[in-house]
1. Could you work out how far the C-alpha centroid of segment B:207-259 sits from that of segment A:198-251, in angstrom?
2. Could you work out the pair-distance distribution P(r) of the protein assembly as shown from its alpha-carbon pairs, with 10 angstrom bin width and percents rounded to whole numbers?
3. What is the calculated FRET efficiency for residue A:246 to residue A:60, with r their C-beta to C-beta distance and R₀ = 45 Å, to the nearest 0.05?
4. To the nearest 10 degrees, how steep is helix A:109-122 against the longest Cα principal axis of chain A, on a 0 to 90 scale?
5. Let me test this: with uniform point scatterers at the alpha carbons of segment A:73-156, what is the Debye-based log₁₀ I(q)/I(0) at q = 0.20, 0.23 1/Å?
6. In nanometres, what is the gap between the two model label sites at residue B:43 and residue A:273, each 7 Å from Cα along Cα-to-Cβ?
7. Could you check the simple spin-label distance between residue A:236 and residue A:70, using points 7 Å along Cα→Cβ, in nm with one decimal?
8. Pairing the Cα long axis of helix A:268-277 with the longest principal axis of chain A, what angle in degrees results, from 0 to 90 and rounded to the nearest 10?
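Values in this text are rule-based calculations from the coordinates and carry no lab data. Treat the numbers as computed from the prediction; the structure is a model and nothing was measured. Quick reminder, even Gly has a Cβ in these numbers, built from the backbone with ideal geometry, and neighbours come from all protein chains shown.
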């Protein structure tokens, strides 16, 4: 496979559980060295998509390839995974557990142990290498599992809600690790609810809802798609109540100003006209690109209205 | 997946599961309970018997010192060395000096009166070995007196013999086959207890498997493991590793039995007749492995689909009932080893391991036709159970906190 070929490719993939399609006609690519932010509300199908890539579940329809091959098989050893549902063997020593997980990824036992000890020390867990997981704090667990995911130097890293329950110091440490991995050429698929995190870290964004792709592109492209979606207004007695306007979906006051997220189809011009019709005294009117969070909300709202 | 990688993953998982299990306190306790109990029993019985004195007395210890004040001629009707006639004074002196344990006196009124005296020194307690020895002596003395009295009546020698030993029972069937040797309590109880332990071992080992799966599922570590090891080699590794732990346990028990039985046989009458035939030992291991494979596969699936440990144990208990059914039907096995219920239990895969073990204990020669049919069914069922369980395992292991519907389980088995 040439170096820049996609690491992961999904084309029209479907997955059904019981009577519900949890992944519908999903297509995207993930390239080497790229960090793809995987966004969507709870139950959107993000975890199932990751499990499809890992061959933990199989698609009902569509084409899915990992490193140019069907999922599963030898390429499993080239993937690192940090699942949303995390855990370690409670009655085993941390270094033993990580060494075991390393051997399952194909590392020789001694090398796995050496790497586990080294990486645990790097993330500040050098003092608790020989402690049992049951004796560690949640944050320590989290860091140990991040180490488990990168121990074998994977070319593809799937991380599901990695910043969940991390304190700011450890969140920054994780950001460093993620940046380091992508800099080394690893492809990273990161599921997150944290839009600011996604906006600052990710190269591209994939937003899904109810298993369907809603948005896919660079952060700039995605925000630009809703380019005239937000307006900041400063004026006397401007109500910060979306219910007072036909054109506004969300209104939020901030620093003597009101930020309006426009309804689908409404333009800044429509809002301006509405403010004038209400005889409000406007001192400042500025069109802004919506934040990723606003994009997320509007895209989901649009999708659900269409359904 | 290439076979080499599959085997490598199975080995990694098996190695870890084996080492993790054999280091558990519960496992060590269960494994060492039998050898430990045997050592304690031998030690306690040796101490209770006053040192290393065995229950079986030597001929010298059985020698009867008798004062004959009756008119009965004892003559040469007794095996030499087992009777020493003494004068009352000499006998009393021997007794007082502790050179003999007891002195028998045949009084002047004998045989008009049936009274025979046994003089002993005063004691403060009961010595079980002494009681046993004196009981044997009394039997020998009764034998001696019968012969002496019969000889005095001028009866033919053969009649005297028959009066002393009226018959020796030989059993035969209507087809002319020789009946089996009578089963002593020890000959039955010990192998039976052994087979019960055996079934327990299958359960304990399958229980470790269940525990391993539910633990990984509850701690959520399963998802990380499954991202490296597909469901089938993971399940196979667990079955192999924990089966190895179970086999280690059984091996320790078998060695204990082989070493302990001859030693304990000196202390428990009838125990030295117990033999562990080589073919039975081999079949026991085969049935252990297949029984464990069947229950291990079922318990893996149960562990995967149960939402928690408690539910997993409840579901496993349902299957576990089958394994103990043959032990509940022991009466049927003792009454008629060829009865339909025995055959049915020996053929049904979930009851076969415990049932066939009982059949092997109770028959002088293994019933090879039944064993072959039972093994064929067990192997077939084990293969099906493993394949179906792997599919259920894969389909349900990542469902946290929810119980999959029967439809979903059936769908998983059918579609893979």
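1. 52 Å
2. Distribution as computed: 2, 11, 16, 15, 13, 11, 8, 7, 6, 4, 3, 2, 1, 1, 0 percent.
3. Working: r = 43 Å, r/R0 = 0.95.
Efficiency computed from Cβ-Cβ geometry: 0.55.
4. For A:109-122 against chain A, the angle is about 40 degrees.
5. The calculated log intensity ratios at q = 0.20, 0.23 Å⁻¹ are -0.83, -1.09.
6. 9.9 nm
7. 7.3 nm
8. With both axes taken from Cα atoms, the answer is about 40 degrees.
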